[in-house]
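Working notes for the structure below.
Throughout, read-outs are computed from the coordinates displayed, never taken from laboratory work. Computed from a predicted model, the values in this text were never measured in an experiment. Glycine also receives a Cβ, built like all others from the backbone with ideal geometry; neighbour counts cover every protein chain displayed.
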């Protein structure tokens, strides 16, 4: 089951998997609610994708979709607590080993902006997306004066959404097969 909500003219959809089906469901929901031109953000625990829905008089509604981008260094196969994905079973002799992604997450994600963008490409794209959306919204509501709070708002919103998603991940249950 997917959760969807509107944030201005952006339909945010929280899905198990970012795929064509989740994008189609979100686009259909927006169109059924009478929206003709809107943007979509599809978020899973591990990926984010963006879409734009437009209406053309001759063609009808059409959707432009980005490729899915990894949200963070975490990957579905790293965690045993993220059904319904396939993952290693806990067998006798298996050891919990720290993966690079977990070490990054435990480092309090410090580093340069370039390094953080490379390690969290989906989060960076999400921040950019909401920054542009906030700028467009502010420009349409004002006389061309962009409040400085738009950038802060986009970062805060993106981080809040990602924190909610990552709250359910148990990295302590990430398993690796025993070394031979």
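Report, in whole Å, the centroid distance computed from the Cα atoms of the stretch 59-74 and the stretch 1-45. Comparing the Cα centres of the stretch 59-74 and the stretch 1-45, I get a distance of 11 Å.
Relative to the current alpha-carbon distance between residue 63 and residue 25, full extension at 0.36 nm per residue lengthens the span by 12.5 nm.
Going from the fewest other Cβ atoms within 10 Å to the most, the residues 132, 31, 42, 23 appear in the order 132, 31, 23, 42.
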